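Q: One structure, pasted below without further comment.
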Amino acid sequence: EREPKVSAKEFARLAGCSAERVMRFWRAWDRAADDGVVPVFEALTPGVDIDLPDADVWLGYYTSRSSADSPRGQAISAVAEAEGIRPTKALEVAENPTALRAAILADPGTAQAARHALLDRLEDDPELAQELAKDIARTGELSKTVASAARATSAVDFVRDVIDSGEMTTPSGERVPAPEHVVAEAKQHLTLIEGLDEEDEAPYAADAQKTMRSLVAEAVESDPQLRAHERRSRFQSKVRKAAKAFEELTLDDAADIYEEELLEQLETLQKAVADCIAELRAAASAGPGPDNSIAADPAPTDPGPADSHHA
């Protein structure tokens with residue numbers, strides 16, 4: 001007659017080990033059965049021999065560390081398997097953060113691995129990202145280094161954008177097609193930068209961005225149509241900003257705000273706005289001149305908030 005199945009506690013007593021160890025084997029077997037490596041529990045019969053997996057395969061499911069059974073341990077084990085290493089190694093590191101710290105402090109290779117792991121984790125851990133950002137901001141030298149690296153990255157992106165998009169950003173912020181010689185110059189600078197070590201990149205990136213901005217400005221000035229469009233865009237942008245500033249003003253407490261000097265400034269501004277409107281209307285009546293860039297678009301007829309507020 002075959003022996004009946006017994007509880008983990010009884011099995012541990014008969015085997016002379018702890019019930020916790022028996023359950024670690026049980027859970028490892030369950031995971032292996034899910035992958036088809038061993039038979040499921042329902043197919044097992046006491047006293048009947050079965051073929052066991054190779055030791056290396058079994059170690060992918062079983063760990064002697066009790067921490068592997070916790071949700072944290074299971075998560076570590078799952079990532080370890082995905083990375084192609086034994087869960088026991090990852091669990092051992094997780095159980096001894098002081099040893100991990102010592103390895104990071106002493107070994108550049110370990111520090112680099114930790115850096116890459118942290119960057120990968122930041123995508124799914126906003127809280128860690130926020131804490132890391134605060135730590136960087138509180139560390140003076142590190143904050144300066146990050147700011148310098150950000151400027152270098154921005155400069156490289158500026159150059160690369162001209163190549164990838166075939167467009168350039170004018171001083172007024174307009175996006176226009178980039179001339180071939182500007183794109184060619186950008187390619188030369190980017191090739192040089194990509195051949196440098198990271199620590200040497202910043203000054204060359206800044207110089208490349210400065211050169212590209214000069215080329216963009218020259219391209220704008222050499223093209224009458226583009227120059228006119230640029231002047232018009234800058235002018236319209238300033239008008240919009242001024243209008244928005246006055247739209248945001250409130251005169252609920254005019255008595256407290258009033259000052260003679262302030263009133264004089266507003267009157268001067270009102271005259272400037274009126275003169276501007278008159279000049280634009282005159283230019284519009286006369287028709288566009290050889291480089292009448294501002295008058296090329298319909299001129300605003302509303303004196304704007306500056307005039308209405310004073311009135």
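The values are calculated or read from the model by the stated rules, or taken from the named source; none is laboratory data. Model, not experiment: these values are computed from the prediction. All Cβ positions, glycine included, derive from the backbone under ideal geometry; neighbour counts span all protein chains shown. The accessibility values were calculated without ligands, DNA or RNA, using every heavy atom of the protein model including side chains. Shrake-Rupley method; radii C 1.70, N 1.55, O 1.52, S 1.80 Å.
Q: For the stretch 80-103, enumerate the residues that are open to solvent by less than 80 Å² (accessible area, probe 1.4 Å), assigned to a helix (DSSP H, G or I) and either touching a Lys or Arg at 6+ places or on another chain (Cβ under 9 Å) or closer than 28 Å to Trp58 by Cβ (or both).
A: Of everything in the stretch 80-103, those that are open to solvent by less than 80 Å² (accessible area, probe 1.4 Å), assigned to a helix (DSSP H, G or I) and either touching a Lys or Arg at 6+ places or on another chain (Cβ under 9 Å) or closer than 28 Å to Trp58 by Cβ (or both) turn out to be Ala80, Pro87, Thr88, Ala90, Leu91, Val93, Ala94, Ala99, Leu100.
For every residue, the table says whether it meets (1) touching a Pro at 6+ places or on another chain (Cβ under 8 Å); (2) closer than 30 Å to Ile277 by Cβ; (3) among the basic types (Lys, Arg).
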site: Pro203; (1), (2), (3): no, no, no
site: Met212; (1), (2), (3): no, no, no
site: His229; (1), (2), (3): no, yes, no
site: Arg234; (1), (2), (3): yes, yes, yes
site: Val239; (1), (2), (3): yes, yes, no
site: Lys244; (1), (2), (3): no, yes, yes
site: Leu249; (1), (2), (3): yes, yes, no
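Q: Every residue in the stretch 164-189 that is open to solvent by 40 Å² or more (accessible area, probe 1.4 Å) and either over 15 Å from Ala219 (Cβ atoms) or without any contact (Cβ under 8 Å) to a residue 40 or more places away in the chain (or both), please.
A: Of everything in the stretch 164-189, those that are open to solvent by 40 Å² or more (accessible area, probe 1.4 Å) and either over 15 Å from Ala219 (Cβ atoms) or without any contact (Cβ under 8 Å) to a residue 40 or more places away in the chain (or both) turn out to be Asp164, Ser165, Glu167, Gly173, Arg175, Pro177, Glu180, His181, Ala184, Glu185, Lys187, Gln188.
Results for (1) surrounded by 12 or more Cβ atoms within 10 Å (Cβ to Cβ); (2) among the β-branched types (Val, Ile, Thr), shown as yes or no for each residue.
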residue: Asp107; (1), (2): yes, no
residue: Asp120; (1), (2): no, no
residue: Ala155; (1), (2): yes, no
residue: Thr191; (1), (2): no, yes
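Q: Now for a separate question. Conditions first: (1) open to solvent by less than 60 Å² (accessible area, probe 1.4 Å); (2) at pLDDT below 85; (3) of a type outside the set (A, V, I, L, M, F, W, C). Glu230 passes all but one, so which condition is the exception?
A: (2)
Q: So, of the residues in the stretch 56-73 that are at pLDDT 70 or above and open to solvent by 70 Å² or more (accessible area, probe 1.4 Å), which turns out to be farthest from Ser18 (Cα to Cα)?
A: Asp56
Q: Out of Thr145, Thr211, Thr170, Thr153, I need the residue that is of a type in the set (Ser, Thr, Tyr) and modelled with pLDDT of 90 or more. Which one?
A: Numbers: Thr145 fails: modelled with pLDDT of 90 or more; Thr170 fails: modelled with pLDDT of 90 or more; Thr153 fails: modelled with pLDDT of 90 or more.
The conditions single out Thr211.
Q: Condition check: among the polar types (S, T, N, Q), loosely packed, with under 15 Cβ neighbours inside 10 Å and touching a residue at least 24 places away in the same chain (Cβ under 8 Å). Does Thr45 satisfy that? Before you say what the answer is, go through the steps one by one.
A: On the way: among the polar types (S, T, N, Q): yes; loosely packed, with under 15 Cβ neighbours inside 10 Å: yes; touching a residue at least 24 places away in the same chain (Cβ under 8 Å): yes.
So Thr45 passes the test.
Q: Give me a count of the residues in the stretch 24-42 that are open to solvent by 60 Å² or more (accessible area, probe 1.4 Å) and over 42 Å from the mean Cα position of the chain (by Cα).
A: Number of matching residues: 4.
Q: Provide a single number: the residues in the stretch 149-206 that are over 21 Å from the mean Cα position of the chain (by Cα) and among the polar types (S, T, N, Q).
A: 5
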